[in-house]
There are 2 protein chains.
Amino acid sequence: MKCKYALKALVVLAAAEDKMPSKAIAKKAKVPEKFLEAILTELKKNGAITSERGAFGGHRLAKPPAKIMVGHIIRAIDGMLAPVSCASTFYYKKCRDCTHEEVCVIRHAMLEVRNQLSDKLDGMSVQNLLDMSPKQKQKIFW
Amino acid sequence: MKCKYALKALVVLAAAEDKMPSKAIAKKAKVPEKFLEAILTELKKNGAITSERGAFGGHRLAKPPAKIMVGHIIRAIDGMLAPVSCASTFYYKKCRDCTHEEVCVIRHAMLEVRNQLSDKLDGMSVQNLLDMSPKQKQKIFW
DNA sequence: CATATTCCTATAGACTTTATAGGAACAAAG
DNA sequence: CTTTGTTCCTATAAAGTCTATAGGAATATG
């Protein structure tokens, strides 16, 4: 959910013409307000969005939506893409239950899975998401 | 872990020449005994293995390892492959936060992901896992 | 009957998920 | 300088999932 909410928020921001307060994003994205606040903070830390405080403050994308990659966001919010930590590039960690990692058949298999997954996810941008929406005036994304 | 343990148990059984008691599998696979017991029960329900009770009982594969698919096992143990339930084929469930599923951009994107994932995982058998192990007498899989 | 095993049920600690609540810090407008 | 609308920060918490552990009933063999 958290990850999904993050992506929804980014799509809303990508479609918006100006900065938006979290309340407005929450409404458009149908995400619990306070929960979204925390997510936006994470997205900011991650460099995907920027924010302005105070009255008439709000959030906006930090870069063009075509440069914000879904894989990057998922890693920031959810953690590793790989099914097992020993097959992760960005969150590598040794397994307790395998001693000969070089020959571990589970690891080899899961490396293949993780590579395919990251190819897909790192090649998919927020702009791509936006483009999946059918062309119409009243934008409904979900 | 659970899923990984299940796959490890299946690889051990695939490499074995005869039925094996759970204790022996646990040792070879380096999986907690009692936990493995529960997993083997699930694998049996799923049709991947058969078992015999009593002294000299044990577990064996229910079919040739080339016909036991990793995707099938993961679904049985972990549940859906899809990142979101609305994009799952076998575990479909409507999201609360999306009303127009047909146009939902998140769902469309995650459908692509789940399709690639299931192609990979449903095309990978326990035999394939076994074949990833380097050829040598003393079989060490992990 | 003794032994080795699967099978079944219950329990439990730690962690993750999915939030909610309350208020401090900040910025703009009147 | 007060009001209003924000972000930002910290704490709390209910529910669920994960990762087992424990104990023993049922079953099969010799």
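The numbers here are math on the coordinates, done by the rules we state, and not lab data. Keep in mind that this is a model prediction, so the values were computed, not measured. All Cβ positions, glycine included, derive from the backbone under ideal geometry; neighbour counts span all protein chains shown.
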- Filter the cross-link list B:K2/B:K135; A:K27/A:K67; B:K19/B:K93; A:K2/A:K94; A:K27/B:K4 down to pairs whose alpha-carbon distance in this structure exceeds 31 Å. B:K19/B:K93; A:K27/B:K4
- Query: Each residue of segment A:87-101 in turn: what ³J(HN,Hα) in whole Hz from Karplus with 6.51, -1.76, 1.60 and θ = phi - 60°, glycine and Pro shown as x?
  - Reply: 9, 8, 7, 8, 10, 3, 7, 5, 7, 6, 8, 10, 9, 10, 3
- Note on the structure: Here the correct list, in nm and shortest first, of distances from A:K23 to the same site in the other copies, label points 7 Å along Cα→Cβ, is 6.7
- Message: For a test of the definition: using alpha carbon positions, the gyration tensor, and the 1.5 limit on a/c, classify segment A:69-122 as rounded, prolate or oblate.
- Response: oblate
- Taking H as built 1.01 Å from N, whose amide H comes closer than 5 Å to the amide H of B:A62, not counting residues under 5 places away? B:I49, B:T50
- Item | Amide H contacts of A:S125 (H built 1.01 Å from N, under 5 Å, at least 5 apart or other chain) | A:V70
- Query: In nm, what does the list of distances from B:T89 to its counterparts in the other copies look like, shortest first, when each label sits 7 Å along Cα to Cβ?
  - Reply: 2.7
- Message: Please compute the modelled spin-label separation between A:A15 and B:D18, points set 7 Å along Cα→Cβ, answer in nm with one decimal.
- Response: 6.5
- Where nothing but the Cβ of Lys and Arg (+1) and of Asp and Glu (-1) is charged, how large is the charge dipole of chain B around its Cα centre, in debye to the nearest 20? 600
- Message: Ordered shortest first, which distances in nm separate the 7 Å Cα→C-beta label point of A:R60 from those of the other copies?
- Response: 7.0
- Task: Extending each Cα 7 Å along its Cβ direction at B:D131 and A:T50, get the distance between those two points in nm, one decimal.
- Result: 5.3
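Which FRET efficiency value, to the nearest 0.05, do you get for A:K34 and A:R96 by plugging their Cβ-Cβ distance into 1/(1 + (r/R0)^6) with R0 = 35 Å?
Numbers: r = 37 Å, r/R0 = 1.06.
With a Förster radius of 35 Å, E is 0.40.
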- Message: I want the local charge near A:L117. Using Cβ-Cβ distances under 14 Å, sum +1 for each Lys or Arg and -1 for each Asp or Glu among the other residues.
- Response: -1
- Around B:G47, what is the net charge, scoring Lys/Arg as +1 and Asp/Glu as -1 over all other residues with Cβ under 11 Å from its Cβ? +3
- Calculate one ³J(HN,Hα) per residue across segment B:123-129 by plugging θ = phi - 60° into the Karplus curve 6.51 cos²θ - 1.76 cosθ + 1.60, and present them in order as whole Hz with x for glycine and proline. x, 10, 9, 4, 4, 4, 4
- Note on the structure: Sorted by chain and then number, the residues having a modelled amide H within less than 5 Å of the amide H of B:C98, at least 5 places away or on another chain, are none
- Hz values of 3J(HN,Hα) by residue in segment A:71-78 - Karplus curve (6.51, -1.76, 1.60), Gly and Pro given as x: x, 4, 5, 4, 4, 5, 8, 9
